[in-house]
Amino acid sequence: MVRRKLMGRLAPYLLVLPGWLWLVIFFVIPVIAMLSLSTQTGDLIDGFTQTFHWQNYLDGWNEYHVEFIRSVIYGAIATILCIVIGYPVAYWIAFRGGHRKSSLLFLLLLPFFVSFVIRVVSWQFMLADNGIILEPLKAIHLLPADFHILATATAVVGGLTYNFVPFMILPIYVALERIHPEVMEAAGDLYATRRAAFRRVVLPLSMPGVFAGVLLTFVPAAADYVNASILGGTDQTMIGNVIETEYFTNTNYPMASALSFILMAALLIGVFIYAKVLGTREVLDMAVA
Amino acid sequence: MITSAPEQANPVGHSAGGPPAGPTPPETATAIELVRITKRFGTGSRAVAAVDDVNLVIREGEFFSLLGPSGCGKTTTLRMIGGFEQPTGGEILLHGKDVVGTPPNKRDVNMVFQSYALFPHMSVFENVAFGLRRKAVAGSEVKRRVGEMLELVQLQGKDRRRPSQLSGGQQQRVALARALINRPRALLLDEPLAALDLKLRQTMQIELKSIQREVGITFVFVTHDQNEALTMSDRLVVMNEGHIEQVGSPREMYERPRTRFVAGFIGTSNLMTRSIASMDGTTAILECGAGERFVVRDAAALGAVPGGKIDVTVRPEKITLGTEPAGGEMCSLRATVTNVVYMGAWTQYAVRLADGAELTVFIQNATNSEDAAERGAEVWLGWDPAHSLAVAPQ
């Protein structure tokens, strides 16, 4: 009797145990290990020792702040482009999609069935200086012979936008889809013009979707290194590329860890400020939805 | 209080017994007129007429209901008046002006939606103020009128709540206030009480009716609930499969249904199809057994001829039960009681006629609680010939 009661009380905790174990083993422990690594000194051959060398953080920032700032700017531009491109697409599918909604959403997700890297490499192929797009244009002298897109900021931001736009479209679509058609009719009934109905009713009600989309787009875009390394040149290095180089090429694990923490901290602080300013409730509402 | 619609001579009572959907009496102005309104969905051979060639006159200041089963076209008709659907044919006259093609925001009518359709991101105050703000009414005026409106629907002090923090009945009132504040020439209500539970629905019926009297605005009310339509309306229309069955006051609809459908849809009915033995002027004398008598007055208008068939109904409360034939001019039929259900205020009898037809009879328990007949008893049904109602077949 007592035992059964005890089991009943423990059951919820036992059920979440696998989840907690997973988080502890694959997230908490690596983060602590990385935090520890970030203040160590030494090299790969002699081994790293814990010396609480916080100087790594300062060195990292001094050496790579250009890449940090560039990552934030590229991520921000890509996010804004995602809103500009994604909102109308989401709106169209939600309100004009009719019975084809599911097919349209499937088409949107179709590129995801191809590996991320392969998709970026195909953009490299298409945008190559003498590739299938630029060569014909150069042949008929529409573009000068030395014109190029690869290894420019445009290519990198374009790549980021292309890769993350579905993460913007989906939450906005969900938010728009949840608006009852009668609510929009009510706005019209109460003398709102189409523009006023959008501004006063549809846009505010879709904002939680935009908030969620910004989070899902900005964070991975700012931390991305694949687009910059494949579509960018030496002047488009993002912080992700720096971390990758420090880790794999220079085997400077402490520096790579310190940079990762700076990036993580910066993004977390940014997200908190963002949620605070634009309303935590909406962001949380959306996360729950 | 709010005085918006033009003064009405008498918005509630009006001449009963006028021809259904007939020309408007000169003393009451027409608020809304539908002229040969048709709405087809789909194209080509698969087109379905949701509303088929409907003519309707709704008078200024009346509480008018569109009643019918789901799919009868009542909501589509309402949405065409509101401008949310465009008719495929015909004219919609709002105060004499054809509004076909005019978008909802340019029409002087407002709608209370079935889902209420409140703006979830706005406070009660901003919901109610929405229409005034779009019309750029001054801030102080908005404040005053919203206050008045919330008082009318008994929501004082709730102005800062969000719709999600209100009960269903309160949301309903916000929806009503949000539409009424614009002082529309007509208010359209699409099954606004359907989502409420029975108790609340009955309270809101009374309240809605009293608000309508207070503001004097024309209400056009869609419902599939015949009780609701009977108790609230000044006049109503029964629709079926996209066309009008009958227009009239609740009393006319109940006491003198014109079609088999109306007789069956409103109240309990004893619908029978019987053969005509002979005609006496316009009165049809129906075939009966020995000693029985069944006559239907004014049957000639429905094409009754000797030897033909006629659809006839008698309301259950008009029938009496007795041990002897009623005699005289009275209709009188022999029957067997098959079931007796005591209902408190009245007792409901199921009886079977000699030809097998099943009828229902209500006997009021006015003087004593003794049942007038037992199950299995042989009885005589009697009623005044005026209550034999000939109705048009489908």
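The values are calculated or read from the model by the stated rules, or taken from the named source; none is laboratory data. For clarity, every value in this text was computed on a predicted model and none was experimentally measured. A quick note on method: Cβ atoms are made from the backbone with ideal geometry, for glycine too, and the neighbour counts reach across all protein chains shown. All accessible areas refer to the heavy atoms of the entire protein, side chains included, with ligands and DNA or RNA removed. Shrake-Rupley method; radii C 1.70, N 1.55, O 1.52, S 1.80 Å.
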Förster radius 51 Å - calculated FRET efficiency between residue B:280 and residue B:167 (Cβ-Cβ, nearest 0.05): 0.25
Aspartates and glutamates whose Cα lies under 20 Å from that of residue B:135, excluding same-chain neighbours fewer than 8 positions away: A:185, A:189, B:108, B:126, B:148
Tensor-based shape of the stretch B:248-366 (alpha-carbon gyration tensor, a/c under 1.5 rounded, otherwise prolate or oblate): oblate
Heavy-atom SASA rank of A:22, A:92, B:383, B:346 (probe 1.4 Å, accessible area, largest first): A:22, A:92, B:346, B:383
Amide H contacts under 5 Å for residue B:189, placed H, 5+ residues apart: B:112, B:220, B:221, B:222
Segment residue A:122-residue A:276, length gained on full extension (0.36 nm per residue, minus Cα span): 51.5 nm
Cβ-Cβ FRET estimate between residue B:255 and residue A:20, R0 fixed at 56 Å, reported to 0.05: 0.15
Virtual spin-label span in nm between residue B:88 and residue A:137, 7 Å along Cα→Cβ: 4.9
Burial order of peptide ranges B:105-113, A:172-180 (average beta-carbon count within 10 Å, highest first): B:105-113, A:172-180
Share antiparallel - DSSP beta bridges, chain B, percent rounded to 5: 75
Net length gained if the chain between residue B:324 and residue B:123 were fully extended (0.36 nm per residue, minus Cα distance): 65.4 nm
Most fluctuating residue given options A:229, A:115, A:206, as computed from a GNM of chain A linking Cα atoms under 10 Å: A:115
Listed residues A:119, A:199, A:70, most fluctuating in chain A (Gaussian network, C-alpha, under 10 Å): A:199
Shielding by partners - mean other protein chain Cβ count within 10 Å, residues of B:170-179: 1
nm² value of the averaged projected area, convex hull over the Cα atoms of chain A: 24.7
Normalised alpha carbon radius of gyration of the stretch B:216-261 [divisor 2.2 N^0.38 Å]: 1.12
Listed residue (B:393, B:267, B:66) projecting farthest to the positive dipole end of the protein assembly as shown, Cβ model: B:66
Charge dipole (the stretch A:112-239, unit charges on Cβ, about Cα centre) - positive-most of A:218, A:136, A:116: A:218
Label-point separation, residue B:378 to residue A:265 (7 Å along Cα→Cβ), nm: 10.5
Overall Cα dimensions of the protein assembly as shown - principal axes, largest extent first, Å: 124, 80, 55
Order of exposure, largest accessible area first, which applies to B:30, B:273, A:154, A:217 with probe 1.4 Å: A:154, B:273, B:30, A:217
Cα convex hull of the stretch A:116-248 - mean projected area over all directions, nm²: 11.5
Probe 1.4 Å - accessible area at residue B:59, Å² to nearest ten: 30
Solvent exposure of the stretch B:30-258 as accessible area per residue, Å², 1.4 Å probe: 39
GluC sites (Glu not before Pro), loop per DSSP, at most 14 other Cβ atoms within 10 Å - longest free stretch of chain B: B:28-286
Theoretical gain in end-to-end length, residue A:11 to residue A:114 [0.36 nm per residue, Cα-Cα removed]: 33.0 nm
DSSP-defined beta bridges in the stretch B:30-258 - what % are antiparallel, rounded to 5: 55
Nearest-20 debye value, the stretch B:317-394 charge dipole, Cβ charges on Lys, Arg, Asp, Glu: 160
Nearest 10 degrees, 0 to 90: helix B:124-134 Cα axis against chain B principal axis: 70
Accessible-area value, residue A:74, 1.4 Å probe, nucleic acids and ligands omitted, Å²: 20
Chain B - percent relative contact order, Cα under 8 Å, separation 6 or more: 15
The stretch A:82-99-the stretch B:129-190 distance, computed between alpha-carbon centres (Å): 32
Residue-wise HN-Hα coupling along the stretch B:211-221, computed from phi with Karplus coefficients 6.51, -1.76, 1.60 (Hz; x: Gly, Pro): 5, 4, 4, 5, 8, x, 8, 5, 10, 10, 10
Pairwise burial B:A, computed as accessible area of each alone minus the pair, summed, 1.4 Å, Å²: 1900
Given charges at beta-carbon only (K, R positive; D, E negative), |dipole| of chain A in Debye: 1640
Square roots of five times the Cα gyration tensor eigenvalues for chain B, Å: 46, 25, 18
27 Å Cα-Cα reach of residue B:309 towards lysines, excluding residues that sit fewer than 8 places from it in its own chain: B:318
Furthest towards positive pole of dipole, B:94, A:264, A:249, structure part the protein assembly as shown, Cβ charges: A:264
Point-charge dipole on Cβ atoms (K/R +1, D/E -1) for the protein assembly as shown, about Cα centre, debye to 20: 680
Share antiparallel - DSSP beta bridges, the protein assembly as shown, percent rounded to 5: 75
Cα shape, the stretch A:19-89, gyration tensor, a/c 1.5 rule: oblate
Per-residue average of Cβ from other chains inside 10 Å of B:130-138: 4
3J(HN,Hα) from dihedral phi, the stretch A:105-118, Karplus parametrisation 6.51/-1.76/1.60, rounded to Hz, x for glycine, proline: 5, 5, 4, 4, 8, 3, x, 5, 6, 9, 4, 3, 5, 4
Apportionment of accessible area to carbon and sulfur, the protein assembly as shown, percent (1.4 Å): 60
Residue order for B:58, A:118, B:285 - accessible surface, 1.4 angstrom probe, largest first: A:118, B:285, B:58
Shielding score for A:203-210, defined as the mean number of other chain Cβ atoms within 10 Å: 1
In Å², nearest 10: area of residue B:189 left accessible to a 1.4 Å probe: 0
Residue of B:157, B:42, B:267 that the Gaussian network model of chain B assigns the largest fluctuation, springs spanning Cα pairs under 10 Å: B:42
Whole-angstrom gap from the stretch B:196-234 to the stretch B:37-98, using each part's C-alpha centre: 21
Estimated FRET transfer efficiency when R0 is 41 angstrom, pair residue A:51-residue A:235 (beta carbons, to 0.05): 0.70
Reach of residue B:158 by Cα under 16 Å, taken over lysines that are not fewer than 8 positions away in the same chain: B:143
